[in-house]
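Please read the structure below before turning to the comments.
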Amino acid sequence: MTQGIPFNVPFLAVAALIGISFYIILSQRNLIKLVMGLSIMASGINLFLITLGYREGGVAPIYTHAPAGVMVLPVPQALTLTSIVIAVACLALMLSMVIHIYRHTGSTDSEKSRIMKG
Amino acid sequence: MMSKIVRTMASLLILFALIYGLYIIMHGHLTPGGGFQGGAVFASGIALLIVAFGSDNIHKTLKEHHLSILESSGGLIFIGLAFGGLAIVFFYNFLVGSPIFGHIPPSGPNPGDIWTAGVIPFMNIAVGLKVLAGLSAILLVMALATTVTEVEE
Amino acid sequence: MRKIAIAVSLSIFIAFLIATAFLIHPFGYPPSEMDDYIIENTQSETGANNAVTAVVFDYRGFDTLGEATILFTAVTGVVMLFRAKKKREK
């Protein structure tokens, strides 16, 4: 590395988001809080994809009335669009299953809905 | 079913929300936006209707199998357009240069022209129909299943 | 026992994430050859002014096809889970 170790603030924000959501998924027992942790992790991944493609002093990659300047990369933005839609679909299915588990067992605790009890 | 002020304001604002969503879908090849974003804006207008009027009243007019027909037709149009350029390769843009949506814009910054971009506006409409119908169906079904009814004694 | 396992795995993962945040390319100067080609040739090959829409629907159309399939599967699953059971009269 000829220019030293860079201090990138956006990538540290992504590391904080993914780390906090990983702790939530590992340690919470309530089902709604688990679903919230997964949603925060999806947001962290989308932020990482967008900040990979930023150019210094850049404008949006659209040619209609474009101001002067270099354009940022368009391919990570296209991948982020797909990722957001997939996160919405997974969230809808997870919440439907949480409603069904609540109606079947009467509580939203993940320890009380194990089927095979020892 | 909320109070009279909320119902009146919702039935006034729903017009602007739906028109804005359709505008974002249709101008996807000139300004930021496209099929997915416009479909999400449209579905949020339907969410405003469901919250203001109650899901039972909305279910009398808007049933799930109408939305299912819309969504399936959007998907079929998307695949049919992909097969249209099969003479060269699977997703080929076969309308660039032809009289329908076939102008080519000058290079560099320019004021936009709607008749450009080949097969992309039709794909935007197809994906917009699919996302709009899909998200509205999810919202309507989940709102119907979680309404609180009176407990019989 | 459970708390020790959570602490160890969490510390390893967070150390890996922070090391990645310091060793990746500096923010604002990404390596890019494919995107330079796409920005140059969007208006002459596809005829669209919007490079992001051209990438989503023309240069990478298969990803959009897969994602439309996922959306259709999710809507089918949600509507199927909330069907009312018909009472059997026997």
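The values are calculated or read from the model by the stated rules, or taken from the named source; none is laboratory data. Just so it is clear, the model here is predicted, and its values are computed rather than measured. Neighbour counts run over all protein chains shown; Cβ positions are idealised from the backbone, glycine included.
Mind checking whether some residue in region B:99-112 is within 20 Å of the chain's Cα centre (by Cα) and either part of a helix (DSSP H, G or I) or over 20 Å from B:Ile79 (Cβ atoms) (or both)?
Taking region B:99-112 and keeping what is within 20 Å of the chain's Cα centre (by Cα), we get none.
Among the residues of region B:99-112, not one is within 20 Å of the chain's Cα centre (by Cα) and either part of a helix (DSSP H, G or I) or over 20 Å from B:Ile79 (Cβ atoms) (or both), which makes the answer no.
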Task: When residues of region B:22-50 are limited to those that are more than 12 Å from chain C (Cβ to nearest Cβ) and either not in a helix (DSSP H, G or I) or not hydrophobic (A, V, I, L, M, F, W, C) (or both), the one nearest to B:Asp113 (Cα to Cα) - done: B:Tyr23
Task: Residue in region B:77-91 that is under 30 Å from B:His59 (Cα atoms) and surrounded by fewer than 20 Cβ atoms within 10 Å (Cβ to Cβ) present - done: yes
Task: Of all residues in region C:25-53 being among the hydrophobic types (A, V, I, L, M, F, W, C) and surrounded by 15 or more Cβ atoms within 10 Å (Cβ to Cβ), the one that is nearest to B:Thr116 (Cα to Cα) - done: C:Ala48
Task: A:Gly37, sole failed condition from (1) at pLDDT 95 or above; (2) over 21 Å from the mean Cα position of the chain (by Cα) - done: (2)
Open item on the list: Criterion first (of a type in the set (S, T, N, Q), more than 7 Å from every other protein chain (Cβ to nearest Cβ) and under 23 Å from A:Ile84 (Cα atoms)) does C:Thr42 satisfy it?
Closed with: no
TODO: Kindly indicate whether any position in region B:123-133 is outside any loop (DSSP other than H, G, I, E, B), at the interface with chain C (Cβ under 9 Å from one of its Cβ atoms), out of contact with any helix residue (DSSP H, G or I) (no Cβ under 6 Å at 6 or more places or on another chain) and surrounded by 18 or more Cβ atoms within 10 Å (Cβ to Cβ).
DONE: no
Open item on the list: Can you find a residue that is surrounded by fewer than 16 Cβ atoms within 10 Å (Cβ to Cβ), farther than 23 Å from A:Ala78 by Cβ and hydrophobic (A, V, I, L, M, F, W, C) anywhere in region B:19-27?
Closed with: yes
TODO: Considering only region A:53-110, state which residues are facing another protein chain (nearest Cβ under 8 Å) and acidic (Asp, Glu).
DONE: A:Glu56
- [ ] Please verify whether region C:59-68 includes one or more residues that are buried (at least 17 other Cβ atoms within 10 Å of the Cβ), at the interface with chain A (Cβ under 7 Å from one of its Cβ atoms), of a type outside the set (A, V, I, L, M, F, W, C) and over 20 Å from B:Leu95 (Cβ atoms).
- [x] yes
- [ ] Quickly run through region B:51-65 and pick out the residues that are of a type outside the set (Gly, Ala, Ser), part of a helix (DSSP H, G or I) and surrounded by 12 or more Cβ atoms within 10 Å (Cβ to Cβ).
- [x] B:Val51, B:Phe53, B:Asp56, B:Asn57, B:Ile58, B:His59, B:Glu64
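Can you find a residue in region A:52-64 that is free of Cβ contacts under 8 Å to residues at least 60 places away in the same chain and closer than 30 Å to B:Leu139 by Cβ? Reasoning before the result, please.
In the first step, residues of region A:52-64 are kept if they are free of Cβ contacts under 8 Å to residues at least 60 places away in the same chain; the result is A:52-64.
Checking which are closer than 30 Å to B:Leu139 by Cβ leaves us with none.
Checked against the condition, which is being free of Cβ contacts under 8 Å to residues at least 60 places away in the same chain and closer than 30 Å to B:Leu139 by Cβ, region A:52-64 yields no hits at all.
Going by the structure shown, is B:Gly118 within 30 Å of B:Ala145 (Cβ to Cβ) and within 8 Å of chain C (Cβ to nearest Cβ)?
Details: within 30 Å of B:Ala145 (Cβ to Cβ): no; within 8 Å of chain C (Cβ to nearest Cβ): yes.
Answer is no for this residue.
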Open item on the list: Looking only at region A:40-54, how many residues end up being more than 8 Å from the chain's Cα centre (by Cα) and either surrounded by 17 or more Cβ atoms within 10 Å (Cβ to Cβ) or part of a helix (DSSP H, G or I) (or both)?
Closed with: 6
Task: Subset of region A:15-42 (residues that are farther than 22 Å from A:Ile101 by Cα and facing chain C (nearest Cβ under 7 Å)) - done: A:Ala15, A:Ile18, A:Gly19, A:Phe22, A:Tyr23
Task: Unmet requirement for C:Val8, which otherwise passes all of (1) β-branched (Val, Ile, Thr); (2) within 27 Å of A:Met41 (Cα to Cα); (3) surrounded by 11 or more Cβ atoms within 10 Å (Cβ to Cβ) - done: (3)
Task: Neighbours by Cβ (under 9 Å, 6+ apart or cross-chain): first from region B:36-64, touching a residue at least 24 places away in the same chain (Cβ under 8 Å); second among the aromatic types (Phe, Trp, Tyr) and part of a helix (DSSP H, G or I) - done: B:Gly38/B:Tyr20; B:Gly38/B:Tyr23; B:Val41/B:Tyr20; B:Phe42/B:Tyr20; B:Gly45/B:Phe16; B:Gly45/B:Tyr20
Task: Considering residues of region A:11-34 that are part of a helix (DSSP H, G or I) and among the polar types (S, T, N, Q) only, the residue modelled with the highest pLDDT - done: A:Ser21
Task: Test for B:Val141: is it of a type in the set (Val, Ile, Thr), closer than 12 Å to B:Ala40 by Cα and facing chain C (nearest Cβ under 8 Å) - done: no
